[in-house]
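The values are calculated or read from the model by the stated rules, or taken from the named source; none is laboratory data. All values derive from a computational prediction rather than experimental measurement. Cβ placement follows ideal geometry from the backbone for every residue including glycine, while neighbour counts extend to all protein chains displayed.
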Amino acid sequence: MDLNLLLKICLLVVVIGVGFKLLKVFTSIIFKVALFILVCLLVFKFFNLY
């Protein structure tokens, strides 16, 4: 349980880090759409959990 949570936190940190790098390099429609899809998937997962 703790290992799974730690893995999720690490993945989130990596995703945020990559997201900020991409945002600095280019702020395009594609990046915004990808970010929107990622947020939608996270929200969908949370609704499935609870």
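List of remarks:
- So Leu11, is it out of contact with any helix residue (DSSP H, G or I) (no Cβ under 9 Å at 6 or more places or on another chain) and assigned to a helix (DSSP H, G or I): yes
For (1) surrounded by 10 or more Cβ atoms within 10 Å (Cβ to Cβ); (2) modelled with pLDDT of 90 or more, each residue gets a yes or a no:
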| site | (1), (2) |
| --- | --- |
| Met1 | no, no |
| Asn4 | no, no |
| Gly19 | yes, no |
| Phe36 | yes, yes |
| Val43 | yes, no |
| Leu49 | no, no |
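- Test: residue in the range 25-32 that is modelled with pLDDT under 90, among the basic types (Lys, Arg) and assigned to a helix (DSSP H, G or I): yes
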